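Visitor: This structure is in C-alpha cells; I'll ask about it shortly.
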C-alpha cells in the first residue's frame, strides 16, 4: 500500500479542540489528554499512528515520545501500521459467537480474500477481529469507524461491504 | 411489571434532550439535594438505600463513599466507570445513549455528596457515538446552569468531562481506569492505598459504575428507605440485566432484585424462553468472569429452592453450586452450545486483555488458551483437563487485580460442571468438532493447534 507523506500538524480547528481538552485537567497534568489526542491524531492522519505522528503528540503535551509509544501500543483502538479505508472490527467474543459471529468473520475472509490483520490489495478494507464490543444482545456485531452494525448475517455483511466500496471514504472513530 | 427506576423514561420521545428530561421531572434530585440537603445527608440516604455497586463488585455504595479521605486543600474526584467491556454486559451503553441526562443528574448529586468539584465520565473509546451524546447533554446542562459555577445559585461548583478510553478491558478495573485517565497504560495499581485515599493524581477519588450513579437521583428524590423496600434482604432496589445468547428476546431489562431466575428466562416480559424451542443448557449470570452454571443449578439452588436474581441467591452454595450477580451480563446457552468452545473463547478474551503485569495472569491465561484450543481442535489429552484446573487454581488469587480471578473462574466452573463434555472432545475429536457451531462447514477439519505442548 502506498503511504502518503504529509506534514504532521493539526489543523487550526483541531488545535482549538486540543486546547479545550487540555483545560479538563489540573495544571501540570496535561499527560491525561494523551488518549483523547491520540484519537484525534489517528483520525487526522489516515487512521494510524506513525512514529512521526506520535512524536508530534508528545511535543504537544510536552512529554517524552516513549510515553506516547507505550500508551499507543497498549490500547487496541490505535493502529500502529497503515490500514485500509474501512477497518472491519468484528467482535469475536463469546456471546457474539453464540449467535454466529464466527460464520460472519469466515464469510468476510472468504469474500475479501484476507485474514485477520490483513488489508485488501486495493487498500479498501482491513479485517480486525476485536474483543467484546458491548453489544452482546445484538450480535453478531461489527464496528466500522464510530458506527456499530448489529445482527449481522453474511447477506447483510455483503450489502455493507458494497456500500462502503461505493462511498469510498475513510471511516474513523471521531 | 416491577418498579422502574433507571428505565422509567423508556420510550419517551426526545428524552435525551434537556427540555424533555426536565419536563419528565428530571434534575429534581439536584434541586432537592443542593437546595435542601447537606452532602452528609445525601450520603446518609444512599447508605440507607442499601445500593450496591452495579459494576460487578456489589460493594455498598454509601460505605464506599464514606471511606473517601477529606484532607484540607486537596481536591476530591468522582469518576464514573463507563468502560463497559465485560462480555455479556451491554447495559451502560444503552442507558447513556438513550437517557444521558439521568447519568449527568446522578453525577451532580453524587459529586455534591462527595465534595467533588471536578468529575469525569470515563467511557470506553469504542463508544464514540455515546461520547458525542454525552458531550451534547453536558453542554445543555452547562447552558441551563446545572453544571459549572454556582449551580442553581447554591454556591456549589462542578465541572464534568468525558474521557475516552482506548480499547482495553482492564481499564474497567478502578485503579487501571485511574492510570488510564492519567494518560498511562491501564496497569492496575497495588491496593492499598485505595483510590478513596490516593486516586486520580494522588487525590481522594471514588470510582462508581454508570448504573450505580444513575440510581442515586431516584434515591434522593424518594428516600433511601423507599429504595430499600424494593428487592430482598441486602439485595435492594432494581438492577439492569443485559440478556443475550440463545434466547428469544435479547435486550436490557430492569428487574426488581428477587425475581426468580426461571421467570426471567422463560416469561414473555423478559427473555421469552430459549430460541428455537431448544432446551437450556447453561447460563453465565453476571458477565463472562463469573462461574458458569448448568441449567438445573441456575434454576434451583442445591437445596431445591428457586434461584433468585439477588446477590445472595445467585451465590448460594459458593462456587461449588453457585455463581455471582456480577455486572448483570446474562448469557444463556442452549443445548447445542459447546461449553469447551465457549470456555476457550472466554479464555482467549482474558489472555488478550491481560495487562501483563502479573506472571500468573500473563502466562496463565495464554497457557489455558493454548490447552483449550488443542482440546477444542481435537488434539487434547485427558491430562489436559486436570492441567487446566491446576493452572486456573494457580492464577486465582495470585494477581494484583481481579482479572486473574475472572480468567480462572470460567475455566474452573466449566470443568466442574461439564467435565464429561471436555472428555468427549478428547475421546471423539471429529464428532465434537462437527457439532460445534457448524464450523466444519468452512474450517479445515482438525487444524494444527497453536502449540503442540505447553
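The values are calculated or read from the model by the stated rules, or taken from the named source; none is laboratory data. Values in this document were obtained by computation on a predicted structure and should not be read as measured data. Heads up, the Cβs are rebuilt from the backbone with ideal geometry, glycines too, and the neighbour counts pull from every protein chain shown.
Visitor: Filter the stretch A:151-165 for residues that are within 13 Å of chain B (Cβ to nearest Cβ) and farther than 27 Å from residue B:286 by Cα and give the result.
Guide: The answer is A:154, and nothing else.
Visitor: So, one more: Of everything in the stretch B:136-150, what is surrounded by fewer than 21 Cβ atoms within 10 Å (Cβ to Cβ), part of a helix (DSSP H, G or I) and in contact with a helix residue (DSSP H, G or I) (Cβ under 9 Å, 6 or more places away or on another chain)? Give them in sequence order.
Guide: B:136, B:140, B:143
Visitor: Look at residue B:312 and say whether it is surrounded by fewer than 24 Cβ atoms within 10 Å (Cβ to Cβ) and closer than 30 Å to residue B:431 by Cβ.
Guide: no
Visitor: For the stretch A:132-144, which positions are more than 10 Å from chain B (Cβ to nearest Cβ) and under 15 Å from the mean Cα position of the chain (by Cα)? Reasoning before the result, please.
Guide: Of the stretch A:132-144, the ones more than 10 Å from chain B (Cβ to nearest Cβ) are A:140, A:142, A:144.
Those that are more than 10 Å from chain B (Cβ to nearest Cβ) and under 15 Å from the mean Cα position of the chain (by Cα): A:142, A:144.
Visitor: Could you check how many residues of the stretch B:303-331 are assigned to a loop (DSSP other than H, G, I, E, B) and free of Cβ contacts under 8 Å to residues at least 24 places away in the same chain?
Guide: In the first step, residues of the stretch B:303-331 are kept if they are assigned to a loop (DSSP other than H, G, I, E, B); the result is B:303-305, B:307, B:309-310, B:315-317, B:322-328.
Okay, now just the ones that are also free of Cβ contacts under 8 Å to residues at least 24 places away in the same chain, so B:303-305, B:315-317.
Result for the stretch B:303-331: 6.
Visitor: Filter the stretch A:103-115 for residues that are part of a helix (DSSP H, G or I) and either in contact with a strand residue (DSSP E or B) (Cβ under 6 Å, 6 or more places away or on another chain) or away from every other protein chain (no Cβ under 11 Å) (or both) and give the result.
Guide: Correct list: A:104, A:105, A:108, A:111, A:112.
Visitor: Can you name the number of the only condition in (1) farther than 28 Å from residue B:89 by Cβ; (2) within 11 Å of another protein chain (Cβ to nearest Cβ); (3) assigned to a loop (DSSP other than H, G, I, E, B) that residue A:76 fails?
Guide: The one condition residue A:76 does not meet is (1).
Visitor: Still on this model: Six or more apart or on different chains, Cβ under 7 Å: which pairs go from a residue in the stretch B:238-250 that's free of Cβ contacts under 8 Å to residues at least 24 places away in the same chain and at the interface with chain A (Cβ under 10 Å from one of its Cβ atoms) to one that's part of a strand (DSSP E or B) and crowded, with 24+ Cβ neighbours inside 10 Å? Could you list them?
Guide: From the stretch B:238-250, the pairs are B:250/B:243; B:250/B:244.
Visitor: Go through the residues of the stretch B:70-84 one by one and say whether even a single one is buried (at least 21 other Cβ atoms within 10 Å of the Cβ) and part of a helix (DSSP H, G or I).
Guide: No, the conditions are met nowhere in the stretch B:70-84.
Visitor: Is it the case, given these coordinates, that residue A:3 is modelled with pLDDT under 95, exposed (fewer than 13 other Cβ atoms within 10 Å of the Cβ) and out of contact with any strand residue (DSSP E or B) (no Cβ under 7 Å at 6 or more places or on another chain)? Let's see the steps before the verdict.
Guide: On the way: modelled with pLDDT under 95: yes; exposed (fewer than 13 other Cβ atoms within 10 Å of the Cβ): yes; out of contact with any strand residue (DSSP E or B) (no Cβ under 7 Å at 6 or more places or on another chain): yes.
When the stated conditions are applied, residue A:3 passes them.
Visitor: Being within 14 Å of chain A (Cβ to nearest Cβ) and either within 21 Å of residue B:237 (Cα to Cα) or in contact with a helix residue (DSSP H, G or I) (Cβ under 7 Å, 6 or more places away or on another chain) (or both), is that true of even one residue in the stretch B:9-20?
Guide: no
Visitor: Related question: Tell me yes or no: at least one residue of the stretch B:200-217 is out of contact with any helix residue (DSSP H, G or I) (no Cβ under 9 Å at 6 or more places or on another chain) and farther than 29 Å from residue A:38 by Cα.
Guide: Within the stretch B:200-217 (the criterion being out of contact with any helix residue (DSSP H, G or I) (no Cβ under 9 Å at 6 or more places or on another chain) and farther than 29 Å from residue A:38 by Cα), the answer is no, since none of the residues qualifies.
So that you can scan it fast, the table gives a plain yes or no per residue for (1) modelled with pLDDT of 95 or more; (2) within 14 Å of chain B (Cβ to nearest Cβ); (3) under 29 Å from residue B:94 (Cβ atoms):
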{"position": "A:81", "(1), (2), (3)": "yes, no, no"}
{"position": "A:85", "(1), (2), (3)": "yes, no, no"}
{"position": "A:89", "(1), (2), (3)": "yes, yes, yes"}
{"position": "A:101", "(1), (2), (3)": "no, yes, yes"}
{"position": "A:127", "(1), (2), (3)": "yes, no, yes"}
{"position": "A:130", "(1), (2), (3)": "yes, yes, yes"}
{"position": "A:149", "(1), (2), (3)": "yes, yes, yes"}
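Visitor: While we're looking at this one, here's another question. Any idea which of (1) in a helix (DSSP H, G or I); (2) at the interface with another protein chain (Cβ under 8 Å from one of its Cβ atoms) is the one residue A:58 doesn't satisfy?
Guide: (2)
Visitor: Do we have residue B:113 as part of a helix (DSSP H, G or I), within 25 Å of the chain's Cα centre (by Cα), within 14 Å of another protein chain (Cβ to nearest Cβ) and crowded, with 24+ Cβ neighbours inside 10 Å here?
Guide: When the stated conditions are applied, residue B:113 does not pass them.
Visitor: Scan the helices (runs of 4 or more DSSP H) fully inside the stretch B:332-422 and keep the ones with 3 or more residues being within 14 Å of chain A (Cβ to nearest Cβ) and modelled with pLDDT of 95 or more.
Guide: B:339-353, B:359-376
Visitor: What about residue A:150, is it in contact with a helix residue (DSSP H, G or I) (Cβ under 6 Å, 6 or more places away or on another chain) and in contact (Cβ under 8 Å) with a residue 24 or more places away in the chain?
Guide: So residue A:150 does not fit the description; no.
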